Structures are given as C-alpha cells and as structure tokens.
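For reference, the structure is listed below as structure tokens.
The values are calculated or read from the model by the stated rules, or taken from the named source; none is laboratory data. Note that the coordinates shown come from a computational prediction; the quantities given were computed from them, not determined experimentally. All Cβ positions, glycine included, derive from the backbone under ideal geometry; neighbour counts span all protein chains shown.
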Amino acid sequence: MQVLDAVARTLGLDHAEKVHLYRLADMPSVPAAAVEPAMPPGLPMILDQLAPLPAVLLDSRYDVLAHNDAYRALFPGLAGPEANVLRTVFLTPVL
C-alpha cells in the first residue's frame, strides 16, 4: 500500500485516479480522499480589487476556481464553470 501511495503522490493523482490505481493493483481497500481546502472568503473581493488587471485563481489541476471581470473579458473561453486552462490551451484548434 505504501508503494501505491508513493506512485499516486509522484504522479499527482486525484482521488478518482487513485481509486483506479488501487483497483488495477487488486487492492481491497482504498484510502479515504483528502478534503479539498475551501476558498478563503475574501478572495473574490481581492480579485475584483485587482481590476483593471486580469486575475484568476487556479487549483493544482489548472481548473479556474475564481476570476475577475477583466479576466473574463480577456479570456471568455476560460471563464465558465468547467473551465480548465490546460485542456483549453491544448484542445482548442489554431485559427
């Protein structure tokens, strides 16, 4: 189990990927998922105060958690609820 935990940590796997890794190794139990820390309550206000500069908060997987209006105007495709910077950069066709 320590080896699988080390592999998951090295690869930066999230909980779903870690569950899959444990199933592939035919392990009967999977450790509980760590609770994601909540976004600090004052952070959206800080992002808004940075206007007119675009500001964004990303998580470790480059999902957009919060942004200000300048960021939304500059990157409209990266401001939705399911926005992921890496996915958008690599899967958007070049015009």
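With the requirement that a residue be surrounded by 11 or more Cβ atoms within 10 Å (Cβ to Cβ) and either touching a residue at least 40 places away in the same chain (Cβ under 8 Å) or part of a strand (DSSP E or B) (or both), what does segment 53-95 give you?
Val56, Leu57, Leu58, Arg61, Asp63, Val64, Leu65, Ala66, His67, Asn84
Listed here are the residues, each with its yes/no results for (1) more than 26 Å from Asp14 (Cα to Cα); (2) modelled with pLDDT of 85 or more.
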residue	(1), (2)
Ala34	no, no
Met45	yes, yes
Gln49	yes, yes
Ala55	no, yes
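If you check every pair at least six apart or on different chains, which have Cβ atoms under 7 Å apart with a residue in segment 1-29 that is farther than 26 Å from Tyr62 by Cα first and a residue that is at pLDDT 80 or above second?
Met1/Met27; Ala25/Leu4; Met27/Leu4
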